[in-house]
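Here's the structure, in structure tokens; my notes come after.
The values are calculated or read from the model by the stated rules, or taken from the named source; none is laboratory data. Everything numeric here is computed off the predicted structure, so don't read it as measured data. Here Cβ is always computed from backbone atoms with ideal geometry, including for glycine, and neighbour counts include all displayed protein chains. Side chains are part of the model used for accessible areas, which takes the heavy atoms of the whole protein and leaves out ligands, DNA and RNA. Shrake-Rupley method; radii C 1.70, N 1.55, O 1.52, S 1.80 Å.
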Amino acid sequence: GMENPNCTFMSASLIPGDRSLTPTLAHEIVHSWIGNLVTNALWKDFWLNEGFTRYIERRIMSKIHGPAFRGLLLLVGYNDLIKTVDMLTKQGTPGLTRLEPEIDDVDPDDAFSRVPYEKGSLFLFYLEQIVGGEQAMTDWLRAYVASFRERSIQTSDVKRHFLEFFKGVKRVKEIDWEHWLHGEGLPDFNLGDYVDRSLVDESKSLADSWLNTSTSEAETSHMKAQQWMLFLDHLINAVVAGQSISHSTLENMDSKYKISATSNVEVSFRWCLLGCKLYWPGCLALTEDFLAKHGRGVYVKPLYLALKAFDLERARTVFQRNRNFYMTVVTRQIAAFLD
């Protein structure tokens, strides 16, 4: 999606027919305040646009669907952050996993990733725990927008405003700003200890069943799309950690749940990524079709990296066939690691 003050543009891939990706619509609406009314001054401060917007987007979803759904979205986002940190580290740019990276000599397009979105919103969620909850953060955010409306600001401005607003809160002294803003990789914060895990645990239980017994008899017809995302994330994380899943298990899983037939781009992306990481020939046709239909860098870059490890020549062939379909910056980044 791309927000504008009077009109939001949405990719057709975000309209799967079941309203499962409506958080993105909320996200773009929030940008009317965060990003448009208050804007980051420099590209190093991009998290002020996207991290704040992601945080508020999930607060909205919590009001609509309840705290368990917010917990689910937070954990899905955290798993996206894990995958992004892994990708950026493997491509030799761990500095881009910082919330406020040093990018004076870096093309901002090359620095773009889910880090400002997910690490930024995670930091704000952490601050929510420090200052006493959602209402305290809402009060601060209103003051923040009022103070900085129609201005372009830097991270230092936000820190100064936050500390002044919460100067009476003792726990503010616990915040390790250097760790959160300039530390590389994942922050030292156990998100799972602070969210309603009921929907999350259902996804994890299903994944654990497949990992341990290669099947599951659990009822799944009620599961939300984000639970399927998290289910697949658990499997991907297990594979990255060294656990194996047989090709026959993947075939049985697909036969049972019809994952290959999903119209949800986020679920399909994860299914293709899992298959490529397991060198499963059964995923190749779907992966090639996905790469021919979707051009977002957050999808195609990790997929091409996984396909490269699986079958380098196939990755190069598929890329040559589709390179004119992608934005120039995405094409350049993929070409760099496929050469």
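Some notes on this structure:
- All of ASP188, ASP157, ASP196 fail the test of being in a loop (DSSP other than H, G, I, E, B) and modelled with pLDDT of 95 or more, apart from ASP188.
- In this structure, LYS173 qualifies as assigned to a helix (DSSP H, G or I) and free of Cβ contacts under 8 Å to residues at least 24 places away in the same chain.
- Taking (1) out of contact with any helix residue (DSSP H, G or I) (no Cβ under 6 Å at 6 or more places or on another chain); (2) modelled with pLDDT of 95 or more; (3) in a helix (DSSP H, G or I) in turn, VAL298 satisfies each apart from (2).
- Which numbered condition SER11 fails, given (1) in contact with a Gly (Cβ under 8 Å, 6 or more places away or on another chain); (2) modelled with pLDDT of 90 or more: (2)
- Selection within the range 19-57 - in contact (Cβ under 8 Å) with a residue 40 or more places away in the chain, open to solvent by 20 Å² or more (accessible area, probe 1.4 Å) and more than 17 Å from GLU100 (Cβ to Cβ): TRP33, LEU37, ILE56
- Taking first residues from the range 148-168 that are open to solvent by 70 Å² or more (accessible area, probe 1.4 Å) and partners that are polar (S, T, N, Q), the Cβ contacts under 6 Å between residues at least 6 apart in sequence or on separate chains come to SER152/THR39.
- Against the criterion of being within 26 Å of THR262 (Cβ to Cβ) and either of a type in the set (Phe, Trp, Tyr) or open to solvent by less than 60 Å² (accessible area, probe 1.4 Å) (or both), LEU206 qualifies.
- Candidate set from the range 100-120 (those that are among the aliphatic types (A, V, I, L, M) and surrounded by fewer than 23 Cβ atoms within 10 Å (Cβ to Cβ)); member that is nearest to PRO23 (Cα to Cα): ALA111
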